[in-house]
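Scroll down for the structure; my scribbles are underneath it.
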Amino acid sequence: MAVLENCEPKRVFHYFEEICKIPHGSGNTKQISDYLVQFAKDHDLKYVQDEMNNVVIYKPGTAGYENAPVVIIQGHMDMVCEKNADTVHDFDKDPIKPYIDGEWVKAKGTTLGADDGIGIAAALAVLTDENIQHGPLECLFTVDEETGLTGAFALQPGFFQGKILLNLDSEDEGELFIGCAGGAGTTAEFPCPMTAAPEGYFFFRVTIKGLTGGHSGDDINKNRANANKLLDRFLVILMKQYDLHLALIDGGNLHNAIPREAHAVCA
């Protein structure tokens, strides 16, 4: 029994659950790319797959709309792979396990991959729906958006023809956005003198976990706690009261996810 079979719209959630079965983290998109190619073959749709594993699937316009402007429907294949520390999951091999929690679809101990699996599923639903009237469609699926848009940057002239593009990678239902989000990466290096552990001190581990997390762009204004910041603030308080020595500190997993967990070992 499919977990999401009663979710609406059924066609979208059917394909989303199929996508969840296929490992598709950034840098591991060959399998999902081939799935899209097989989808096109199964539905007698023209397609192209490039050397980067980007895929475009073409569908002619319906009767009366054959000469309408071509519309590109675009989404990305890769997902952010993050899991709780106590979750056993290999993102290169294991399927995502979705479940329904009230009005939400969630994943067990891992990121769900709705960014952008639900966008791909919506495009596939459009491609297989015979009741929608539309002009010529070019459904474009790019790889490795989460790690720097490398799939999009590798697109070659002639891969698609449309001038109107709808990007299915937003989080707000029923709203259209005109614009572009930017980002920047910073690497900081500084000296960290090491000293021997002092005699007579005891060691302890401090852990922050169980936070909500979220996307570092879209969720950054929702007052969600950052595990790294909470841990740092706590250690600063201890340092003001005790002769604290830091042995190890680590937190977060990805540059575009609000850290849910962090830990430190101190003396």
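The values are calculated or read from the model by the stated rules, or taken from the named source; none is laboratory data. The structure displayed is predicted, hence computed values, not measured ones. Don't worry about glycine lacking a Cβ; one is built from the backbone with ideal geometry, like all the others, and counts go over all protein chains shown. For accessibility, only protein heavy atoms count, side chains too; no ligands or nucleic acids. Shrake-Rupley method; radii C 1.70, N 1.55, O 1.52, S 1.80 Å.
Note: relative contact order over the chain, using C-alpha pairs below 8 Å and six or more positions apart, is 20 percent.
As a length-normalised measure over Cα pairs under 8 Å and 6 or more apart, the relative contact order of the stretch 4-156 settles at 35 percent. Relative to the longest principal axis of the C-alpha atoms of the chain, give the angle of the C-alpha long axis of helix 114-128, reported between 0 and 90° and rounded to the nearest 10°. Result, in degrees: 10.
Between residue 42 and residue 239, what length comes free when the chain is fully extended (0.36 nm per residue of separation minus the Cα-Cα distance, one decimal in nm)? Contour length minus Cα-Cα distance gives 64.6 nm. Run through the DSSP bridge list for the chain and note the antiparallel percent, rounded to the nearest 5. Taking every DSSP beta bridge within the chain, about 70 percent pair in antiparallel fashion. If R0 is taken as 35 Å, the Cβ-Cβ distance between residue 184 and residue 207 corresponds to a FRET efficiency of 0.70. Principal axis extents of the C-alpha atoms in the stretch 1-57 (largest first, rounded to whole Å): 37, 28, 15. With the cut-off at 1.5 for a/c, could you classify the stretch 1-154 from its C-alpha gyration tensor as rounded, prolate or oblate? It comes out oblate by the Cα gyration axes. Solvent-accessible surface of protein heavy atoms, probed at 1.4 angstrom with all chains present, puts 39, 234, 177, 91 in the order 177, 234, 91, 39, largest first.
A full extension of the chain between residue 130 and residue 85 corresponds to an added length of 11.7 nm, given 0.36 nm per residue minus the alpha carbon distance. Within the same chain, lysines fewer than 8 places from residue 10 are excluded, and of the rest, those with a Cα less than 28 Å from its Cα are 21, 30, 41, 46, 59, 83, 93, 97, 106, 108. Separation of the stretch 83-148 and the stretch 204-229, taken as the distance between their Cα centroids, equals 23 angstrom. Angle of helix 10-20 to the longest C-alpha principal axis of the chain, folded into 0 to 90 degrees and rounded to 10: 50°. For the stretch 146-267, please report how many Lys pairs fall under 30 Å Cα to Cα, leaving out neighbours fewer than 8 apart on the same chain. Step by step, the pairs that qualify in the stretch 146-267 add up to 4. Rg then Dmax, both in Å and based on the Cα atoms of the stretch 143-191: 15.6, 52.
Tell me whether the chain comes out rounded, prolate or oblate; compute the Cα gyration tensor, take square roots of the eigenvalues as a ≥ b ≥ c, and use a/c under 1.5 as the rounded threshold. Prolate shape, in that a/c is at least 1.5 and a/b is the bigger ratio.
Among the protein heavy atoms of the stretch 58-106, carbon and sulfur supply 54% of the accessible surface, probe 1.4 Å, non-protein parts ignored. Rounded to the nearest 20, the Cβ-based charge dipole of the chain about its Cα centre (Lys and Arg +1, Asp and Glu -1) stands at 560 debye.
Principal-axis analysis of the Cα atoms of the chain puts helix 227-241 at an angle of about 10° to the longest axis. Helical runs assigned H by DSSP (4 residues or longer) give the chain a calculated mean residue ellipticity at 222 nm of -6500 deg cm²/dmol, each run adding -39500 (n - 2.57) before division by the residue total.
Translational diffusion coefficient of the stretch 197-263 at 25 °C, 0.890 mPa s, Stokes-Einstein with Kirkwood Rh over Cα pairs, in µm²/s as a whole number. Stokes-Einstein gives a translational diffusion coefficient of 186 µm²/s.
Probing with 1.4 Å while keeping every protein chain in the model, the per residue accessible area of the chain equals 62 Å².
Considering only 112, 39, 214, the residue lying farthest towards the positive end of the dipole of the chain is 214, judged by Cα position with unit charges set on Cβ.
Available extension along the chain between residue 70 and residue 149 is 26.1 nm, counting 0.36 nm per residue and deducting the alpha carbon span.
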